[in-house]
Amino acid sequence: MLPTELMQILNRDFPCRELQIRHLSALLSPTLPSPSTVVLHGLEATGKTSLIKQYLHLSKFPHAIVSSRECVTGRHLLERTLAACVASVAALPESETDASAYSRCENLSALAAQLQRLLEGHGKFFLVLDGIDRQRDAPITLFPALARFGEIISNLTTVFLVSIPSPRLLHRPGVPHIHFPAYARSQAIHILSLNPPPIFLNLNEEYTAEEHEEDRKWLWPRFLVATWDSLAKGAARDLVRFREVARMLWEEFVAPIRKGEYGTRDFSRLMVRMRGLFQKEDVLVDGIVPQEKDAQQIIKRPKKVTLDLPYFSKYILCAAYLASYNPTRQDQIFFMKSMEKKRRRRGGGGTPGRAPKNRKIPRNLLHPSAFSLDRLLAILHAVVPHAVPQHADIYTQISTLASLRLLSKAGPAGADMMDSNTKWRVGVGWDVVNSLARSIGLEMTDYLAE
């Protein structure tokens with residue numbers, strides 16, 4: 001175990017990692033025997049690399065740390081590992097190591113032989129391989145062989161830093177694992193609260209540095225809670241991203257305080273004033289162009305729905321909408337040529353008179369009704385101003401509209417799609433159909449029942 005002073009320093013520098021520090025002090029102890037292999041695993045931004053570096057530095061163990069993500073191939077990793085171990089041993093006092101004798105390392109056997117010759121006569125040595133599970137062009141035998149170096153070299157302990165350990169990564173049982181879980185909400189807020197940013201850039205004589213320190217320690221944790229609950233809860237789960245989001249929002253959040261409009265303890269009023277800052281998600285999108293929009297004003301522009309279809313597909317979709325929202329008994333009134341002349345002579349399809357007592361719900365607000373394929377084709381030929389050519393391939397276009405979910409089959413699941421008795425429903429609303437109809441010169445209100 002490490003001395004109490006070193007444990008206190010580690011607990012201060014790495015809060016919420018007391019359990020992992022105790023495990024490290026037990027496994028990598030200066031007095032007790034250490035295992036040949038130790039695995040530290042956890043997601044990114046959980047403190048694995050920083051903690052092991054600080055632990056080995058404070059304990060003054062001879063060690064070498066190799067970042068696997070900086071190595072292009074497996075041989076590059078072996079050469080970097082040997083060079084880091086040689087540099088660490090050469091830096092020890094009373095060391096007479098000749099670095100020129102350890103210049104080449106072509107395979108794992110050569111690395112094991114040279115490390116055994118290098119570490120002979122020395123005490124404990126720790127080799128840390130960071131991100132070894134993401135090594136590029138790594139041979140299959142790389143991880144099991146590195147894990148067994150401690151069996152050949154008695155004073156060597158290999159420490160693997162991985163994200164998600166595989167059960168068969170090392171091909172050997174009994175390897176101690178130390179898990180670094182992701183920081184919870186309270187832990188992330190507590191860690192970031194230790195270093196609050198300044199509220200004011202310049203202090204005057206009336207406002208002392210002690211008062212400023214007290215105010216920012218009071219305001220910063222409350223701001224972190226609001227940031228986590230509004231944005232970082234689902235989009236910035238790791239500590240580094242949470243800190244970046246909070247830092248980007250902080251300057252705009254305290255701008256009214258710097259202008260003198262609010263006090264440093266008016267957090268509730270400030271939240272109401274700057275609520276738009278926590279409603280937009282621009283800070284979650286990485287970019288290099290600064291945005292000059294005011295955080296208090298959120299301009300919501302409705303997205304215009306654009307749907308571009310072939311010529312006859314637009315007619316098919318309009319005919320499907322008419323078949324879904326027009327009663328079957330009124331097809332003769334709206335779609336027969338002889339009845340159209342009568343309607344024009346009478347002045348429309350409505351009956352003049354007093355208004356009905358019970359008001360009906362508009363049909364476009366109701367659920368679309370099912371219709372048969374024969375009725376769809378009949379309405380299609382009625383609304384198209386010219387004859388439909390044979391090369392239009394209406395059935396193929398109906399199948400395409402069904403694959404795009406613009407038309408949905410309302411009958412049994414196993415029924416033939418092109419059967420005349422198969423029931424269909426339209427899958428789009430009035431706004432989309434009306435825009436398509438206007439693009440082809442079709443007035444939907446002339447054919448739609450009231």
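The values are calculated or read from the model by the stated rules, or taken from the named source; none is laboratory data. All of these numbers come straight from a predicted model, not from anything done at the bench. All Cβ positions, even for glycine, are placed from backbone atoms using ideal geometry, and neighbour counts span all protein chains on display.
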Could you check I316 against (1) of a type in the set (A, V, I, L, M); (2) within 32 Å of the chain's Cα centre (by Cα); (3) at pLDDT 80 or above; (4) under 23 Å from S408 (Cα atoms) and say which number it fails? (2)
If you scan the range 400-413, which residues turn out to be surrounded by 14 or more Cβ atoms within 10 Å (Cβ to Cβ) and part of a helix (DSSP H, G or I)? T400, L401, A402
Would you pick out the residues in the range 163-193 that are in a loop (DSSP other than H, G, I, E, B) and either within 23 Å of the chain's Cα centre (by Cα) or in the same structural domain as D229 (by TED's automatic domain parsing) (or both)? S163, I164, P165, P181, A182, Y183, A184
If you check L366, L376, which single one turns out to be under 18 Å from V426 (Cα atoms) and either at pLDDT 85 or above or surrounded by fewer than 10 Cβ atoms within 10 Å (Cβ to Cβ) (or both)? L376
Quick check on S230: is it in a helix (DSSP H, G or I) and closer than 17 Å to S186 by Cβ? yes
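With the condition kept exactly as written, say whether any residue in the range 393-407 is in contact with an Asp or Glu (Cβ under 9 Å, 6 or more places away or on another chain) and closer than 22 Å to S369 by Cβ.
No, every residue in the range 393-407 fails to be in contact with an Asp or Glu (Cβ under 9 Å, 6 or more places away or on another chain) and closer than 22 Å to S369 by Cβ.
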Those helices (runs of 4 or more DSSP H) completely within the range 71-157 that have 1 or more residues that are of a type in the set (K, R) are 74-90, 108-118
For a quick check of your reading of the model, give me the residue pairs whose first member lies in the range 433-450 and is in contact (Cβ under 8 Å) with a residue 40 or more places away in the chain, whose second is exposed (fewer than 13 other Cβ atoms within 10 Å of the Cβ) and β-branched (V, I, T), with beta-carbon atoms closer than 9 Å and at least 6 apart or on different chains. S435/V305; S435/T306
Take the conditions closer than 16 Å to R75 by Cβ and either assigned by TED's automatic domain parsing to the domain that holds L24 or free of Cβ contacts under 8 Å to residues at least 24 places away in the same chain (or both) and apply them to L108. Does it pass? yes
Single residue of the range 201-221 satisfying the filter (in contact with a helix residue (DSSP H, G or I) (Cβ under 7 Å, 6 or more places away or on another chain) and more than 16 Å from I191 (Cβ to Cβ)) that is surrounded by the fewest Cβ atoms within 10 Å (Cβ to Cβ): L203
Here is a check on your reading of the model: is S88 surrounded by 11 or more Cβ atoms within 10 Å (Cβ to Cβ), under 36 Å from the mean Cα position of the chain (by Cα) and closer than 24 Å to I52 by Cβ? no
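Conditions (1) under 24 Å from T46 (Cβ atoms); (2) touching a residue at least 40 places away in the same chain (Cβ under 8 Å), marked per residue:
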site: A188; (1), (2): yes, yes
site: S193; (1), (2): yes, no
site: P198; (1), (2): no, no
site: A209; (1), (2): no, no
site: R222; (1), (2): no, yes
site: G260; (1), (2): no, no
Any hit, the range 382-397, residues being outside any loop (DSSP other than H, G, I, E, B) and in contact with a Cys (Cβ under 7 Å, 6 or more places away or on another chain): yes
